[in-house]
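The values are calculated or read from the model by the stated rules, or taken from the named source; none is laboratory data. Keep in mind that what you see is a predicted model, and the values were worked out from it rather than measured. Here Cβ is always computed from backbone atoms with ideal geometry, including for glycine, and neighbour counts include all displayed protein chains.
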Amino acid sequence: MKKGLIISLAIIVVAVLLIGGWLVGLYNGMLGSRANVDNQWAQVETQYQRRLDLIPNLVNSVKGAMAQEQKVFSDLADARTKYAGAGTTDEKAAAAGQVEGALSRLLVIMENYPQLKSMETVQSLMAELAGTENRVSVERKRFNDLVKEYNLKITVFPNNIFAGMFGFKAKTYFESQSGAENAPNVQF
């Protein structure tokens, strides 16, 4: 009888340890996924900052050749200010969309002024900016991939039960601004 009781207790202890280990692993996996998403957003922000640092140099180079396009320059400055003041990921993503819109209008203007394209400084800055835009695109894709993985991890059964208990919430994908699919129309 004692031997049967000891075996039963041992089986219960092993089962509790296995279930406890599984829960710890589940929790740590969700924490790791959330940390990966947050880290990837930091990478997106790094590229946004690079872009924001390049824009004043490009604007100042172009300004010297075309003082009449002040609205585009002020739109870029306003968009940069909004990004700097944004607090949440969603606010920063919206502000980044405004920067992109203003920047695309500047690029259209530059296309209409061939003498600007031939300026060595402008060419160099445009190449830097194009490289940065590619980096931003890659980092956004990586961010969205990690958000998908994290959201899936916290919504599948039985993870969703424990995710709710531990306060894990779905993350928002980065989405382009409404109208981003349309090229800007600049008229002189």
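Quick grid of which residues meet (1) modelled with pLDDT under 80; (2) within 16 Å of VAL44 (Cβ to Cβ):
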position	(1), (2)
VAL108	yes, no
GLU111	yes, no
LEU116	yes, no
VAL122	yes, no
LEU125	yes, no
ASN134	no, yes
ARG142	no, yes
LEU146	no, yes
MET165	no, no
Taking the stretch 133-157, which residues are touching a residue at least 40 places away in the same chain (Cβ under 8 Å) and farther than 17 Å from ALA35 by Cβ? GLU133, ARG135, VAL136, ARG140
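Only one of these is loosely packed, with under 13 Cβ neighbours inside 10 Å, of a type in the set (A, V, I, L, M) and not in a helix (DSSP H, G or I): ALA170, ALA130. Name it.
So the residue among ALA170, ALA130 that is loosely packed, with under 13 Cβ neighbours inside 10 Å, of a type in the set (A, V, I, L, M) and not in a helix (DSSP H, G or I) is ALA170.
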Can you report the number of residues in the stretch 130-165 which are under 30 Å from ILE55 (Cα atoms) and among the aromatic types (Phe, Trp, Tyr)? 1
